[in-house]
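Let me begin by presenting the structure, written as C-alpha cells, before commenting on it.
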Amino acid sequence: MEIRKNVLQSGVVVMEVTGRVCMGEECRKVEEALCVFAGAQGGKVVLDLHGVNHIDSSAIGTFVRCFTRIKNAGGTLCIAGTAGMVDKALRMAHLDRVIGFHASANAAADSLAK
C-alpha cells in the first residue's frame with residue numbers, strides 16, 4: 001500500500017491511496033496520514049481510493065474514525081474514485097450516507113473548494 005499527499009492551490013489536501021487497506025499496519029498508516037497530517041488543522045481532505053483494490057471492515061472503521069476526527073476539528077473529508085468491491089463494501093456500510101462520495105478526486109476537490 002502506498003499513500004501520496006498532494007496539496008492543491010485551493011488548500012484541499014488529496015490523499016491518494018493505492019493497493020490494499022486491511023487491518024493492522026495499513027489501517028494505522030491511513031489513519032496517521034488522514035488524521036494527523038491532513039486533517040489535524042480542520043482542513044478539507046479528499047481520500048482518493050481509485051487505486052485501492054481491497055478493503056476490510058477495519059478499513060471502513062478507520063475511514064469513519066478519520067471522518068469524525070476531521071469533522072470535529074472543523075474540517076471536511078470526502079471519498080473519491082471508489083469502484084468494484086471497495087465501492088460495494090463502503091456503500092453496504094452506508095458510508096455514502098455520511099461521507100460525501102465523488103466519482104473522481106478532481107470532482108471532490110472542486111466541491112470542497114467552493
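The values are calculated or read from the model by the stated rules, or taken from the named source; none is laboratory data. Predicted model only: the values in this text are computed from it and were never measured. Cβ sites come from the backbone with ideal geometry, for glycine too, and all protein chains shown count toward neighbours.
Of note:
- All of (1) under 24 Å from Q9 (Cα atoms); (2) exposed (fewer than 14 other Cβ atoms within 10 Å of the Cβ); (3) at pLDDT 95 or above hold for S57 with one exception: (1).
- Among all residues of the stretch 95-112, there is none that is assigned to a helix (DSSP H, G or I), exposed (fewer than 13 other Cβ atoms within 10 Å of the Cβ) and touching a strand residue (DSSP E or B) at 6+ places or on another chain (Cβ under 9 Å).
- In the stretch 1-38, residue surrounded by the fewest Cβ atoms within 10 Å (Cβ to Cβ) [restricted to those that are within 15 Å of L112 (Cβ to Cβ) and among the β-branched types (V, I, T)]: V7
- Filter result (surrounded by fewer than 22 Cβ atoms within 10 Å (Cβ to Cβ) and within 19 Å of E32 (Cβ to Cβ)) within the stretch 63-75: V64, R65, T68, R69, K71, N72, A73, G75
- The single residue among T82, T68, T18 that is under 11 Å from the mean Cα position of the chain (by Cα) and of a type in the set (S, T, N, Q) turns out to be T82.
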